[in-house]
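Every number in this text was worked out from the coordinates using simple rules, so none of it is lab data. All of these numbers come straight from a predicted model, not from anything done at the bench. Cβ placement follows ideal geometry from the backbone for every residue including glycine, while neighbour counts extend to all protein chains displayed.
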């Protein structure tokens, strides 16, 4: 396997219905594949609006099984394109029990598993505990055709423990699909994920939706990007107002190079970290 992996993320606006959102993401995946991308991640809850701006049971209808219709459709597409995919889906385990989930599909179309969002906000404009149960699958890392892939989702990014758990489990690229809007925390978007990439010496794909949706006044500011193991942008971040496909070459050999130089994992002191899990 070549150490250079061409990766893609896409930020799109809400079209108004699920069917056209699925079509738009398929079109974007085909465009990314035409540019040589072999792994791609979509934004949080990619086929719907960010309905957590309101609390309304009608949006439970967006939930579906994982694996289920969306994962099956994009598994077939992944196999056709030879592309690893990270698909953020509103997961229905059973009526009344839903999760904010991302499925991981290998380049041959195989469903590898899923990550369920661990940390859920419950504040104005982000009423996620109304819709989701906190994730209970830990921090899985998936062996894919392009290397070891992990997932963290949106609000998770504020919590360094999961980033570290993914790194210790061998993640080389961590996808963080998000729905984050302008406001008090917007400056953290380019700070936290680059810092987490550096602290754990792996690549991070930061994906955000874009635009203002009818359900609220959240202004989703895009700015999707890749960060390398030194915490630097790989190319420029995407637009903060427009839809954009971002395709970048990631040199996975850089992970070993940086870890040999910085040795953060070697110098950890887990024997002293016990109090972090208390209270």
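Descriptive notes on the structure:
- Burial ranking of peptide ranges 265-276, 63-74, 134-145 (average Cβ count within 10 Å, highest at the top): 63-74, 134-145, 265-276
- Counting every other Cβ atom within 10 Å of each residue's Cβ, 157, 148, 209 order from fewest to most as 148, 157, 209.
- Virtual paramagnetic centre 7 Å along Cα→Cβ of residue 230, amide N under 19 Å, in the stretch 256-275: 256-265
- Added length on full extension, which subtracts the Cα-Cα distance from 0.36 nm per residue, residue 3 to residue 34: 9.2 nm
- Applying 1/(1 + (r/R0)^6) with R0 = 35 Å to the Cβ-Cβ distance of residue 79 and residue 251 gives a FRET efficiency near 0.85.
- Three-way shape label, the stretch 82-230, alpha-carbon gyration tensor, a/c 1.5: oblate
- Over the stretch 83-176, Cα pairs under 8 Å with separation of 6+ residues give a relative contact order of 22 percent.
- The stretch between residue 17 and residue 97 holds 26.5 nm of extra length on full extension. This uses 0.36 nm per residue minus the Cα-Cα distance.
- Full extension of the chain segment joining residue 137 with residue 242 gains 34.4 nm, where the gain is 0.36 nm per residue of separation less the Cα-Cα distance.
- Cut-off 11 Å, label 7 Å out along Cα→Cβ of residue 158, residues of the stretch 88-126 by amide N: 119-124, 126
- Relative contact order, whole percent, for the chain stands at 19, derived from Cα pairs under 8 Å and 6 or more residues apart.
- By average C-beta atoms within 10 angstrom, highest first, the peptides 51-62, 10-21: 10-21, 51-62
- Ordering of 221-229, 240-248, 117-125 by packing [mean C-beta count within 10 Å, highest first]: 221-229, 240-248, 117-125
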